[in-house]
Amino acid sequence: MTSQSTTAPNEPGRDEARNDTTPGDTAHGDTAPGEEDLTAAGIRWDLEGLLDGGGTEALLERAESLVDRIASYRGGIAELDAKGLADLMQLSAELEDVLGRAGNYVMLRFAEDTTDPARGAAMAAFEERATAMSTKLVFFELEWAALDDTRVEALLGDPVLDFCAHHLRNLRRYRPHLLSEPEEKLLTEKSVSGAGAWVRLFDELTSALTVELPGRLLGDPDEPSVEVGLETGLSLIQHPDRETRATAAEAVTAALEPGLRTRAFVYNTLLLDKSVDDRLRSYPSWVSSRNLSNEADDDSVQALIEAVVGRYDIAQRWYAAKAQVLGLDRLADYDRMASVASDESTIGWSEARRIVLEAYASFSPEMAAIAERFFEENWIDAPAGDGKRPGAFCAYTVASHHPYVLLNWTSRNRDVLTLAHELGHGLHAYLAADQGVFHQSTPLTLAETASVFGEAVTNNALLENLQDPNDRFALLASTLEDSIATVFRQVAMNRFEDAVHHERRDVGEISVERFGELWADTQSTMLGDAVELTEGYRTWWSYIPHFISTPGYVYAYAYGQLLALSVYARYRSQGREFVPAYLELLRAGGSLPPEELGRIVDCDLTDPGFWDAGLDIVESQLDSALEAGRAAGRLTQR
């Protein structure tokens, strides 16, 4: 009866799927940062507070005791009155907290170094014990689902259950897809050695990837070649020098090649596993279970996807203009993320911290004060490192503790907005903590609201201080490219997922070559004639963990971006009077359905035209970037 995974971060990783954001050059001050500041050396989180003064073993023993108490209710859910049900749910909340502390501790330790066998073993041991506990609690959801609607509404009408009412209503939405208790127990027991094991294998394979680059590209001309992590290799795809980009892209492709067939087999296995699960549970499509967890129906999600696909021309217009800016007839895939800044300066950790905190303070001093705690109290793990999980994420952990942020700092300009993004997630988690374990987290479709809003605040605070036309153009271009990456690229990724899930179900196991064809087809539909896809790019689907660990996730980025842009547009039009409503939205967490949460900030998510209105905002970003490019002399009128 747990409400969320205790071993996975609540936010699976913004950059792991995107790897596309390219902030423009920023005013970094006159003093060059030192080496330690450039690498964010020493910026490490302190996880010990999660253990609540004990250790994981003590937490697990406490959890097992709670499970036994909860299991004593088996067969009696229908007899509970509101007070009795509230007592049971309080026990469940305590279990969530205890397991969440232990699970997040071992997961975050594993994220620090996925190559450490001891950390991997600790995470596996936790998952096995947690699964055994979950098996004993399968009865609750089944007995709760069996109650008639009249009885349920009478119970949930009692204020004593307000702390978990929305969560309990959501559980009943799964009634058509539940199996018998023996079947549910079997699937729960097998989950650790089944899909969960394949996901972990993929994480370990991708975390171990190394990219071999010429030393001169990394500031070390005396070294003919240097091995770096995948994250560092990908960061060079944004370099202003085309030869550097091409070299980095070739090196990333070479790094992906050795284990490509293994990763393809992992994906094939998980595709098959999901098709079996969907068939057994009578889900009408591969994405229906994800939509259900997002509190969105299939038709509304399809409307979002069709709206975005129908406006692919926005991305294509930008890429055609960017080719002109870069002096090319046509972009190659490795040119898409190239910085349009006049130089590619590095940025130190301390300067990035100042930029982001000042941006948040310009909107809300309260939010800036909370964000500062992440720096002061060691809630961030920043340096890139061998074996560290790639990308960036925010782990909400549990409502009684604070969240954590993981980064892979490469001292590139894009890292500033990644920091602002993940702190947005952290602020959302912190402000919603009073909702408790059942209502702190939102569906994925709203999970990006605070993070994208934080990026927008940071972008616009920077823009107001830039007078040089080239600098303004670079920042406006980065804002647009962030939206393109989050809206259009993510929907193109959704189209890839849709294609491979259907192919695996209708045709059979997918070859590496066929994966590449489907990836290229869905990407080129979005990019159009504006971008040429190189042969090597056909394998770049194979490092993206969202496809593996959270199938169907990526469209939530587009949903969240368009919603967040709409929210930010309301702030720009209303000014300071908007701030209380926004903070109310964050404090509400997931205590209400998405439509009701949207109403807090005057967004009607049921309006069929809502997505087109959000896409109009992205098109206005395009117009602003093109105008700035012409003002800077980087674009002609064509």
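None of the figures in this text is laboratory data; all of them are computed from the coordinates on show. This is a predicted model, so every value here is computed, not measured. Virtual Cβ from ideal backbone geometry, glycine too; neighbours counted across all protein chains shown.
Structure values in brief
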{"read-out": "Residue order, fewest to most surrounding Cβ atoms within 10 angstrom, among Val211, Val487, Val416", "value": "Val211, Val416, Val487"}
{"read-out": "Label assignment, Rg and Dmax of the Cα atoms in Å derived from the structure, set (1) 36.5, 97; (2) 24.0, 76; (3) 25.5, 82", "value": "(2)"}
{"read-out": "Table column - 3J(HN,Hα) (Hz), the range 423-439, Karplus curve with 6.51, -1.76, 1.60, x for Gly and Pro", "value": "5, x, 4, x, 5, 4, 4, 5, 6, 8, 4, 5, 6, x, 5, 7, 10"}
{"read-out": "5 angstrom amide H check on Ala341, placed H, neighbours 5+ away", "value": "Asp25"}
{"read-out": "Alpha carbon centroid spacing (whole Å) that separates the range 50-128 from the range 584-601", "value": "28 Å"}
{"read-out": "Loop sites in the range 144-214: trypsin sites (Lys or Arg not before Pro), DSSP, at most 16 other Cβ within 10 Å", "value": "Arg173"}
{"read-out": "Loop trypsin sites (Lys or Arg not before Pro), the range 286-330 (other Cβ atoms within 10 Å of the site Cβ: 12 or fewer; DSSP)", "value": "Arg330"}
{"read-out": "Net charge dipole size for the range 64-164 [Lys, Arg +1 and Asp, Glu -1 on Cβ; Debye, nearest 20]", "value": "360 debye"}
{"read-out": "Separation of alpha-carbon centers, the range 340-402 and the range 158-201, rounded to whole Å", "value": "33 Å"}
{"read-out": "For the chain, size of Cβ-based charge dipole, Lys and Arg +1, Asp and Glu -1, in debye", "value": "720 debye"}
{"read-out": "Label point distance in nm, Tyr174-Val152, each placed 7 Å from Cα along Cα→Cβ", "value": "1.3 nm"}
{"read-out": "Mean ellipticity per residue at 222 nm, deg cm²/dmol - from DSSP H runs of n ≥ 4 across the chain, formula -39500 (n - 2.57)", "value": "-18500 deg cm²/dmol"}
{"read-out": "Cα gyration tensor category, rounded, prolate or oblate, for the range 43-103 with a/c compared to 1.5", "value": "prolate"}
{"read-out": "Neighbour count of at most 14 Cβ within 10 Å plus DSSP loop: longest GluC sites (Glu not before Pro)-free window in the chain", "value": "1-376"}
{"read-out": "Per-residue ³J(HN,Hα) for the range 521-533, Karplus 6.51 cos²θ - 1.76 cosθ + 1.60, θ = phi - 60°, Hz, x for Gly and Pro", "value": "4, 6, 6, 5, 4, 6, 7, x, 7, 6, 9, 8, 8"}
{"read-out": "For Glu532, residues with placed amide H under 5 Å, excluding near neighbours", "value": "Leu331, Ala332, Asp333"}
{"read-out": "Using alpha-carbon coordinates, inclination of helix 56-71 to the longest axis of the chain, degrees", "value": "50 degrees"}
{"read-out": "Cα centroid separation - the range 469-507 against the range 540-559, whole Å", "value": "11 Å"}
{"read-out": "Extreme residue, positive dipole direction of the chain, given options His239, Ala371, Ser624 (C-beta unit charges)", "value": "Ser624"}
{"read-out": "Under 24 Å from the Cα of Lys190 - lysines, other chains or at least 8 residues apart", "value": "Lys136, Lys274"}
{"read-out": "The range 478-582, dipole about Cα centre (Lys/Arg Cβ +1, Asp/Glu Cβ -1), debye to the nearest 20", "value": "600 debye"}
{"read-out": "Positive-end extreme of charge dipole, the range 224-290 - chosen from Ser225, Val287, Thr269 (charges on Cβ)", "value": "Val287"}
{"read-out": "Residues Asp434 and Asp612, FRET efficiency given R0 of 30 Å [Cβ-Cβ distance, rounded to 0.05]", "value": "0.25"}
